[in-house]
Amino acid sequence: MVKYRRALVEDARSLANLFNDYRLFYGQESDLIGAEKFLKARLEREESVVYYAYESNGDVVEPVGFTQLYPSFSSVSMKRVWILNDLFVAKRARRKGVAQGLIEKARDLAVETEAKAVTLETDHDNHNAQNLYEKIGFTKDTQHHYTLNVPR
């Protein structure tokens, strides 16, 4: 049975493998130490909110999915907006409702913080994710998004 909870700083180590797998999925090099440091810093500084799905077998808790949300604000509505920046489910736990459960936690956070919305972006060819998002109630916007990459 899959359960969900909000990550604490001390969960960074147990989530590092899953976060590293997420980065590998997007073509990044493996960096388990960096993954743990990144998550730990976000949680320590309260710069993001992470929820994770896990299965437990006795005393062993194994994370099987996570989502990371960053706070932003809408000046026009004068309300908070949560950016659902990361969502990942381990291969063995896919197609079992884990992603939907994590998104429900994100929605709960938005309600709890009286946010205007939860927003996200996904690749134009990620049809499985798009179908899930639309099924849950996300709507596709018609605005153009631009990025200014900053050279190193």
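The values are calculated or read from the model by the stated rules, or taken from the named source; none is laboratory data. Computed from a prediction, not measured in an experiment: that's the story for all the values here. Note: ideal-geometry Cβ built from the backbone for every residue, glycine included; neighbour counts use all protein chains shown.
Condition first: in contact with a Ser or Thr (Cβ under 7 Å, 6 or more places away or on another chain) and in a loop (DSSP other than H, G, I, E, B). Can you find one or more residues in the stretch 109-129 that meet it? Walk me through it before giving the result.
First, pick out the residues of the stretch 109-129 that are in contact with a Ser or Thr (Cβ under 7 Å, 6 or more places away or on another chain): 116, 129.
If we keep only those that are in a loop (DSSP other than H, G, I, E, B) too, we end up with 116.
Within the stretch 109-129 (the criterion being in contact with a Ser or Thr (Cβ under 7 Å, 6 or more places away or on another chain) and in a loop (DSSP other than H, G, I, E, B)), the answer is yes, since at least one residue qualifies.
For the stretch 113-137: of the residues being out of contact with any Leu (no Cβ under 8 Å at 6 or more places or on another chain) and within 15 Å of Ser74 (Cα to Cα), which is surrounded by the fewest Cβ atoms within 10 Å (Cβ to Cβ)?
In this case the residue turns out to be Glu114.
Take the residues in the stretch 1-18 that are part of a loop (DSSP other than H, G, I, E, B) and modelled with pLDDT of 95 or more; name whichever of them is surrounded by the most Cβ atoms within 10 Å (Cβ to Cβ).
The extreme case among them is Ala7.
I need the full set of residues from the stretch 130-152 which are over 13 Å from Leu84 (Cα atoms) and in a helix (DSSP H, G or I), in order please. Walk me through how you get there before you give the answer.
Here is the first cut: in the stretch 130-152, the ones over 13 Å from Leu84 (Cα atoms) are 130-132, 134-137, 139-152.
Correct list: Gln130, Asn131, Leu132, Glu134, Lys135, Ile136.
Considering Val98, Val111, which residue is under 12 Å from Gly65 (Cβ atoms), of a type in the set (A, V, I, L, M, F, W, C) and at pLDDT 95 or above?
Only one candidate passes the filter, namely Val98.
Would you be able to tell me the number of residues in the stretch 19-58 that are polar (S, T, N, Q) and surrounded by 15 or more Cβ atoms within 10 Å (Cβ to Cβ)?
2
What are the residues in the stretch 58-113 that are under 16 Å from the mean Cα position of the chain (by Cα), farther than 18 Å from Met1 by Cα and polar (S, T, N, Q), if any?
Thr67, Gln68, Ser72, Asn85
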